[in-house]
Amino acid sequence: MSKPILAVDVDGVISLFGFEETPDRKVAKFELVDGVVHCISLVAGDRLKRLSEHFELVWATGWEEKANDYLPSLLGLPELPHISFEGAARFGSAHWKLGPIAEYASGRPVAWVDDNFDESCFEWAEKREEPTLLVPTESHLGIEEAHVTALESWAHEL
């Protein structure tokens, strides 16, 4: 049986923002990405590597293929497939990702980690026939150890 899919957003999951105090340099690093400064969570790499033992990871971000231009080398990850949103990216909600993620995950269990779910995302997850888990993050913290534990448990229960 194939692994469930883990759809990974970048902004608010790996690229942190909205923090009041600059994160410790041991856990985050400022990087220039296409002329924009991003605060990249360095601990996200280890967490995603561990999750790759249980999931097929895929970028689910407005960065699309650009995620592979920067993040693998920063996080110690291999290049990952990405979901194409064909320029539909909108700041402030993840609902514009629903159609492409649903198509990509058709017939398979999927977990999706993002900082910007709205009610339509949760409604979609509840209506899917296949097991579906939404994992909300806080944009200033990104993916945390508790998220990893919950995702590992969910994958194991499948």
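What is the local net charge at Ala7, summed over the other residues whose Cβ is closer than 9 Å to its Cβ (Lys, Arg +1; Asp, Glu -1)?
Working: positive: Lys97; negative: Asp9, Asp114.
So the environment of Ala7 carries a net charge of -1.
Each Lys and Arg contributes +1 and each Asp and Glu -1, all at the Cβ; summed about the Cα centre of the chain, the dipole is approximately 340 debye.
Counting alpha carbon pairs within less than 8 Å and at least 6 residues apart, what relative contact order, in whole percent, applies to the chain?
Details: 259 pairs, mean separation 50.8, N = 158.
The normalised contact order for the chain reaches 32 percent.
Each eigenvalue of the Cα gyration tensor of the stretch 21-71, multiplied by 5 and square-rooted, gives one semi-axis; in descending order these are 21, 17, 7 Å. Working note: Debye formula, equal point scatterers on the alpha-carbon atoms of the chain, no solvent; log10 I(q)/I(0) at q = 0.09, 0.10, 0.14 Å⁻¹ is -0.26, -0.32, -0.65.
Between Ser139 and Phe30, 0.36 nm times their residue separation minus their Cα-Cα distance comes to what? The partial results should precede the final answer.
Numbers: separation 109, 0.36 × 109 = 39.24 nm, distance 1.51 nm.
Contour length minus Cα-Cα distance gives 37.7 nm.
Here the simple spin-label model places points 7 Å from the Cα toward Cβ, and for Ser73 and Arg50 these points are separated by 2.7 nm.
Once you list every other residue whose beta carbon is under 14 Å from the beta carbon of Glu31, what net charge do they have if Lys and Arg are +1 and Asp and Glu are -1? Display every interim value, and only then the final one.
Details: positive: Arg25, Lys29, Lys66; negative: Asp11, Asp34, Asp69.
Result for the neighbourhood of Glu31: 0.
Maximal additional length on extending the Glu21-Ser120 stretch stands at 32.4 nm, based on 0.36 nm per residue less the C-alpha distance.
Throughout, read-outs are computed from the coordinates displayed, never taken from laboratory work. The structure displayed is predicted, hence computed values, not measured ones. Note that we place each Cβ from the backbone using ideal geometry, even for glycine, and neighbour counts take in every protein chain shown.
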